[in-house]
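The values are calculated or read from the model by the stated rules, or taken from the named source; none is laboratory data. Remember, it's a predicted structure, so these values are computed and weren't measured experimentally. Don't worry about glycine lacking a Cβ; one is built from the backbone with ideal geometry, like all the others, and counts go over all protein chains shown.
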Amino acid sequence: MASEAATTPENIKERLKASYDAVASKYNEWTLPHSKKRMEYLSKALEYLNLPAEPEKNPAFLELGCGCGLPVTQKLLETHPSARVIANDLSTTQISIARENLITNPEDEVAQRLELIPGDMSALTFPNESLDLVVAFYSIIHLPRTEQTALLERITKWLKPGGYFVANFSAKESENAVREQWLDDKDWMFWSGWGQEKTLEAMKKAGFEVLVAKVETDAVDGVSFLWTVAKR
């Protein structure tokens, strides 16, 4: 069980990266069989987006916290024949695994449409109104919650008018939840969140119209998350 730290730990991003690099394969084995909820909410967002199939539309999708690229990044690539997909993860190991999972030939069309970006999601920059959909499953929860608020405001600017954002957040308020060991003895872990009410307030303040907001208990470890679909 996570414990609440009195202050925000130092070097959060470096420690999280080291942890996910160390346990990437174990994490993927643990989480991939339980992808149903991710895919359910991704499908909801895609239904709202309702993109026409014409190749010349060239939609742009961003996934924050793509992990090994399965199944969400893969689904985004399959969603539209000309979609440009940008997938980001803090873990360079996960980015490498995602590249192996998704790109069989560096010269094929998938490789041309996919951009894999390692690093802190808070440091990403995109032109205003350049993205059709932003996806963030089990990823924004690793940011200190003040950074979560700032990121929501930036995501709103990145999205085209009428673009969509689908993500999950901590359902309970917690500033500094820490586990010294999570999946094994190599992975220190940190989570943070505003809780259901304050998260929805922050989304609305950032400029989102929240279309779906539901607290559901995770099948893997019994933790409750706020699942959302929102429109700019």
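Quick notes on this structure:
- Total residues in the range 197-218, condition more than 16 Å from T146 (Cα to Cα) and not in a strand (DSSP E or B): 3
Per-residue answers, yes or no, for (1) among the polar types (S, T, N, Q); (2) more than 23 Å from S224 (Cβ to Cβ); (3) surrounded by fewer than 22 Cβ atoms within 10 Å (Cβ to Cβ):
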| site | (1), (2), (3) |
| --- | --- |
| A18 | no, yes, yes |
| L32 | no, no, yes |
| L49 | no, yes, yes |
| L64 | no, no, no |
| G69 | no, yes, no |
| H80 | no, yes, no |
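Yes/no per residue for (1) at pLDDT 95 or above; (2) within 23 Å of A213 (Cα to Cα); (3) in contact with a helix residue (DSSP H, G or I) (Cβ under 6 Å, 6 or more places away or on another chain):
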| position | (1), (2), (3) |
| --- | --- |
| A53 | no, no, no |
| K57 | no, no, no |
| P81 | no, no, yes |
| T92 | yes, no, no |
| R99 | yes, no, no |
| N105 | no, no, no |
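- Within the range 57-101, being outside any helix (DSSP H, G or I) and without any contact (Cβ under 8 Å) to a residue 24 or more places away in the chain holds for no residue.
- Leading residue by the ranking (surrounded by the fewest Cβ atoms within 10 Å (Cβ to Cβ)) among those in the range 136-177 that are over 24 Å from K37 (Cα atoms) and among the hydrophobic types (A, V, I, L, M, F, W, C): A150
- Members of the range 108-132 that are out of contact with any Gly (no Cβ under 9 Å at 6 or more places or on another chain) and outside any loop (DSSP other than H, G, I, E, B): E109, V110, A111, Q112, R113, E115, I117, P118, S122, A123
- Scanning the range 5-16 for residues that are more than 25 Å from T228 (Cα to Cα) and either surrounded by 17 or more Cβ atoms within 10 Å (Cβ to Cβ) or modelled with pLDDT under 95 (or both) yields a total of 7.
- Within the range 26-48, considering residues that are in contact (Cβ under 8 Å) with a residue 12 or more places away in the chain and either more than 18 Å from the chain's Cα centre (by Cα) or assigned to a strand (DSSP E or B) (or both), the one nearest to L116 (Cα to Cα): K26
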